[in-house]
């Protein structure tokens with residue numbers, strides 16, 4: 001059975017919800033799925049004052065975990081059009097895996113959240129995908145088989161490069177049914193790709 005890791009960092013819980021939907025889709029496609037999160041780098045006192053969501057169920061990942069999966073789906077919120085520093089710091093520690101080619105040929109994918117519709121979703125996805133390509137991974141995006149991302153009737157997330165959601169400037173907007181459907185679909189596609197490659 002193909003093993004999928006959903007690896008995420010979520011400040012306020014939006015990416016956490018998307019990670020759960022990615023995992024749901026991957027499990028439905030027949031993969032074994034674990035959800036883990038990158039460590040927080042902000043001091044706890046500051047995180048609490050800033051209302052970070054610190055009570056997340058997913059265990060903290062280690063870089064050593066990564067090579068034990070056939071597919072890794074990486075999610076992080078945007079910071080000025082690129083992935084958050086917490087996830088960047090985590091991936092920066094994977095030089096040893098890169099040097100050994102430990103992730104070559106594995107399946108990779110990205111998802112994100114921004115405050116606004118045009119707040120850097122695609123560039124943030126590419127900042128994650130760039131890392132995954134350097135690791136030698138095969139990238140799975142979110143094709144237009146997820147038709148919901150084409151809607152203009154409401155604000156929706158989604159891009160051909162990965163599932164997304166829009167959180168609103170104050171973080172009050174939660175992932176919509178369409179956003180979560182996109183995440184589930186991407187998770188399903190990642191799992192199906194990993195199963196084709198690894199069985």
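Summary table
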item	result
Helices (runs of 4 or more DSSP H) contained entirely in region 94-199, each with at least 2 residues that are surrounded by 13 or more Cβ atoms within 10 Å (Cβ to Cβ) and either on the phi > 0 side of the Ramachandran plot or touching a strand residue (DSSP E or B) at 6+ places or on another chain (Cβ under 7 Å) (or both)	121-134, 177-198
Residues (in contact with a helix residue (DSSP H, G or I) (Cβ under 6 Å, 6 or more places away or on another chain), under 26 Å from residue 168 (Cβ atoms) and part of a helix (DSSP H, G or I)) located in region 24-51	24, 25
Output for region 1-23, where each listed residue is assigned to a helix (DSSP H, G or I) and in contact with a strand residue (DSSP E or B) (Cβ under 6 Å, 6 or more places away or on another chain)	14, 15, 18, 19, 22, 23
Residue in region 26-41 that is surrounded by fewer than 15 Cβ atoms within 10 Å (Cβ to Cβ), within 19 Å of residue 196 (Cα to Cα) and either free of Cβ contacts under 8 Å to residues at least 12 places away in the same chain or over 18 Å from the mean Cα position of the chain (by Cα) (or both) present	yes
Residues that are more than 12 Å from residue 5 (Cα to Cα) and assigned to a loop (DSSP other than H, G, I, E, B), drawn from region 63-81	80, 81
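Let's see how each residue does on (1) touching a helix residue (DSSP H, G or I) at 6+ places or on another chain (Cβ under 7 Å); (2) without any contact (Cβ under 8 Å) to a residue 12 or more places away in the chain; (3) within 20 Å of residue 31 (Cβ to Cβ):
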{"residue": "153", "(1), (2), (3)": "no, yes, no"}
{"residue": "164", "(1), (2), (3)": "yes, no, no"}
{"residue": "167", "(1), (2), (3)": "yes, no, no"}
{"residue": "190", "(1), (2), (3)": "yes, no, yes"}
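All of the numbers you see were taken from the coordinates with simple rules; none came from a lab. On a predicted model such as this, the values are computed, not experimentally measured, just so you know. We place every Cβ from the backbone using ideal geometry, glycine too, and count neighbours over all the protein chains shown.
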